[in-house]
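In what follows, a single structure is set out as structure tokens and then discussed.
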Amino acid sequence: MTTSGKGRKPLVAERRTGAGRKSAGQRRAPPPKAPKPRRGGLVGLLLWPVRLALRILWWIGLRLGIAGAVALALAVVATALTLDAPGALLDARARGSVTLLDRDGDIYAWRGEQFGGRIDAASVAPVLKNAIVATEDKRFYRHFGVSPRGVASAIRINLREGRGPFSGHGGSTITQQTAKLLCLGVAYDPASGMTEAEYEADCRRTTIARKAREAIYAMAMELRYSKDEILTIYLNRAYLGAGSRGFEAAAQRYFGKSANQVDAAEAAMLAGLLVAPSRFAPTANLQRSRDRANLIVGLMEDQGYLTAAEADAARSNPARLSQAAEARAGGYYADWVMDQGPSFLTDQTTEDVVIRTTFDPRIQQAAEDALEWVFENKVRAGSEAQAAIVVMSADGAVRAMVGGRKLRGVAGQFNRAIQAKRQTGSAFKPFVFAAALDEGYSPWDWIVDEPITFDVPGSGPWSPRNYTNDYSGRVSLTEALARSLNIPAVRVSEFIGRDRVIEIADGFGVGGDLADVPAVALGVSESTLLEMTAAYAGILNGGSAVEPYGLIELRLKGETASLIDQTGGMGDRVISEDAARQLVWMMSQVIERGTGTRARLPDRPAAGKTGTTQEARDAWFLGFTANYVAGVWMGYDDNTPLTGVTGGGLPAEIWRETMVRVHEGLPPVSLPMTVPPEPRRTAEREPDRRPERRRPPPANDLERAIEQLLGNIFR
């Protein structure tokens, strides 16, 4: 049976109560709510102002929070609108770079701020990207530019370690670090009166106000750029030690490869530089850099970027430096070459410059190894004596330079080869005998070795003495040089005329203020090792002056045309070629049978001269083969006398060890010398004494005859 109509009730089950049904009227009404107890009395009166204050503070705080959030958002948006395209922010160096090439065109050193070229997060080796994120900001891809958790953790660590809240650990994200690298968008302006170092120091300040600005700038970057674009800016701008700006420059600098090709160990070492580039630079302390890299490998393993096997492999095969990096920035040689060019294209350049040099890394290594070997095997442990070495070709092309021991290759160190002006001692004597030979005397001419006294104006009487404090009577010029006798050298200088000796020495480039006193023949004036080595090169090349040089060509990076070409080389003739060839023979006798026998080479002829100054404050050995000229100086920086060292001792051994290594694989070549025929002498032709002063040139036949007679007596 059915019914119809709009009043039809829905079919619903009646609510059951107990065992039966109850009508609607029989339903139990809910109990009335108990009234809330009212707090009255004294407690309520006291709490009422507190509740009111809290409500007011909440109301104010809420509105201030909303206003602050709006202001922050506006500041972030406004800052984001001012940001440049990311590609324009990759290289903003105020200084340029200098790349130094050796004689074969290979890179051996860098100076200035090196930018290796643009790399980006998409193409860089994934292991390098992972190493950076694991080290610097493991939540990089999850935060909005600022990590409150990281900041809180950093403040807690700083306070626990007794520092200020923002001193030490900063809790900065990679985005914040990038903002700091960009100096919050304020570019360096040289016209500001602030140096670049002061500008960078100001950018790194960590005041609360600057931290707030840094956070706004970081969030603006997150708004404007993608994560990979931010990371790309960071990869290109981070400073990583040794003048390297960006990971590409650092990878090239330390490993000789692109940042796109580094392995896990190399990536960990590069990422480890971010905390303290100068301290952890592998060129400063390789082991310390490797220890830091192992910590980074551990972080990468903990965060899942490396498997246990990959991490163990990275630890077992630590990063190795490239050959150029092993040379430690070319050291003393590179610093010297930088001084050869104009400063606006070298140490103060704003361009990227390439300099091709005469540097020979094989010869440099030979000199460094020789110095190290002698000090390890011949010098007492703990000695603070210093030494320097210069090796060059006969035309003045400098092939190697060691400016001191222990501090090998550290840029900017005191370079004893070019900066230390020291007395030359007997190493000066070849120029005395060069004057005699150039006047026509023979290496076999005789001179008297006996006591003599000079009256020096302003100083009184001066009597030169030989090193052995004895006298040999009549000796040839060759024997006097070979045995480094002082009295004969002074006699020859005075007879020929010390003005001529000074002229010849100056012509060869020795010093600029030679003392016009009899003792000038004994090397009392000062000179540098580079100047002395170049002067000996002048003797080897046949008597022409030499200006030592290292710069062959200077050009802008990417250009083919040179701005500067070779600066230096052979100059004017100083003595005749015949005199130079005879002097070479005389100097060969120094090594064969004189004071320099410890410098004798096993497979080829050589010539040279020892030098020891008063109280042995300086010891020298300079000499040459047909291929190369080398000079060695040894002494203390504070002029402390050497103990038991003469030029024929340790300096001669350093010279020998250097030249043996330098000539490995080179065939022996005869020296360019003339061996004079030894004359037959009779008692009538051997004088007891020579004239002491050089006479003026003859003005007529009579004077010429007298001069000839004196010459015969001299012979």
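The listed peptides 580-593, 78-91, 343-356, 531-544, ordered by packing as a protection proxy, come out as 531-544, 580-593, 343-356, 78-91 (highest mean of other Cβ atoms within 10 Å first).
I need the shape label for the range 362-519. Rule: rounded when a/c is under 1.5, else prolate if a/b > b/c, else oblate, with a, b, c from the alpha carbon gyration tensor. It is prolate, given that a/c is not under 1.5 and a/b is the larger ratio. Counting neighbouring Cβ atoms within 10 Å and putting the fewest first, the residues Val520, Val432, Val50 line up as Val50, Val520, Val432. The ranking of Tyr239, Tyr471, Tyr234, Tyr305 from fewest to most other beta carbons within 10 Å of each one's beta carbon is Tyr471, Tyr239, Tyr305, Tyr234. Summary value for the range 242-328: 34 percent relative contact order, contacts being C-alpha pairs under 8 angstrom separated by 6+ residues.
Remark: the range 242-328 projects, on average over all directions, an area of 5.1 nm² (convex hull of Cα atoms). As a rough footprinting exposure proxy, the listed residues Ser244, Ser258, Ser459 were ranked by other beta carbons within 10 Å of their own, and the order from fewest upward is Ser459, Ser258, Ser244. The relative contact order of the range 480-629 comes to 21 percent, based on Cα pairs under 8 Å that sit 6 or more residues apart. Bridgeable aspartates and glutamates around Lys421 (alpha carbons under 13 Å apart, same-chain partners fewer than 8 residues away excluded): Asp513, Glu526, Glu531, Asp618, Asp637, Asp638. Pairs spanning more than 32 Å between alpha-carbon atoms, out of Lys138/Lys211; Lys180/Lys557; Lys138/Lys257; Lys257/Lys378; Lys129/Lys211; Lys227/Lys257: Lys257/Lys378.
Where a number appears in this text, it was derived from the coordinates with a stated rule and is not lab data. All of these numbers come straight from a predicted model, not from anything done at the bench. Cβ atoms come from the backbone with ideal geometry, glycine included; neighbour counts cover every protein chain shown.
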